[in-house]
Amino acid sequence: TGSNVTVTDLRVRESGPGINGISVWGSRSTLRRVVVERAGATGIYYFAGTGHLLTDSTIRDPVRRPGLDSWGIYSGTAGSVTVRRNVVYGSGFANYAPRGSSVIEDNHFIVPADYRTDCAGRTVRDGPCQCAEFGIALKSGNARIRRNVIAGYRTADPVCGGSGSPGAGISVAGCAPNQTCPTSNVTIEGNTIINTHDGVYVSPRSTNIRIQ
């Protein structure tokens, strides 16, 4: 996308191996009522810009990639991103933008029982693992996380779920030891986290985190 673009009622399916469902560059993009299914990489990837809005959309059935996790929504180097009233099945949201600012509210992040695995890459209904990491993961930046429903996150399958993380509903600054994860000024309030291995994980490397 470019700048000042609004996309409504778009459906993207099977974008191909290693290809994102939707890639956002520019600034001030609005994605409304889009459906992304079986993206070959990330469902919606924010590469740059600021003032983005994703609302009333559905992202589901991420393609499994050996040795890599699958994100429904990912902010790599973007500025402000608002994610509101979306449903994401089988993956989650991540912010890696060092100066990024996120508002994540009124969404559903869900790993259904049929998406789970045996921790060796094989699908097993209601198994102990899944091919995803977290419901919401903040690796940097600041955020307001409000009124989301997060359900069904277990240990990430090391074959198809990235690093094998323990499956927190919300993870704040949960990075590898060699990463800095500059995450601060985060408000977490009014969220519902159910049937998930861990509720909220807050790393000691984060600062000014408020949970209500």
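Structure values in brief
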{"read-out": "Efficiency of FRET from Cβ geometry, residue 180 and residue 11, R₀ 30 Å, rounded to 0.05", "value": "0.20"}
{"read-out": "Sum of side-chain charges, residue 182 neighbourhood, beta-carbon under 14 Å (Lys, Arg +1; Asp, Glu -1)", "value": "+3"}
{"read-out": "Rel. contact order, % - alpha carbon contacts under 8 angstrom, at least six apart, the chain", "value": "14"}
{"read-out": "Percent of Cα-Cα distances greater than 23 Å, calculated over the range 86-212", "value": "27"}
{"read-out": "Where the chain is the region considered: accessible area per residue in Å², 1.4 Å probe", "value": "41"}
{"read-out": "The chain, accessible surface, carbon-and-sulfur percent (1.4 angstrom probe)", "value": "51"}
{"read-out": "Added length on full extension, which subtracts the Cα-Cα distance from 0.36 nm per residue, residue 35 to residue 210", "value": "59.7 nm"}
{"read-out": "Charge dipole of the range 123-201 about the Cα centre (unit charges at C-beta), most positive-ward option of 128, 179, 166", "value": "179"}
{"read-out": "Euclidean distance between Cα centres, the range 1-34 to the range 105-143, Å", "value": "23"}
{"read-out": "Scattering profile of the chain at q = 0.10, 0.17 Å⁻¹ [log10 I(q)/I(0), Debye over alpha-carbon scatterers]", "value": "-0.37, -1.14"}
{"read-out": "Tail fraction, Cα-Cα pairs, the range 1-107, threshold 21 Å, whole percent", "value": "24"}
{"read-out": "Fraction of beta bridges assigned by DSSP in the chain that are antiparallel (%, nearest 5)", "value": "5"}
{"read-out": "Cα-centre dipole for the chain with unit charges at Cβ (Lys and Arg positive, Asp and Glu negative), debye to 20", "value": "360"}
{"read-out": "The range 1-55: proportion of alpha-carbon pairs further apart than 16 angstrom, %", "value": "38"}
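The values are calculated or read from the model by the stated rules, or taken from the named source; none is laboratory data. None of these values were measured; they are calculated from a predicted model. All Cβ positions, even for glycine, are placed from backbone atoms using ideal geometry, and neighbour counts span all protein chains on display. For accessibility, only protein heavy atoms count, side chains too; no ligands or nucleic acids. Shrake-Rupley method; radii C 1.70, N 1.55, O 1.52, S 1.80 Å.
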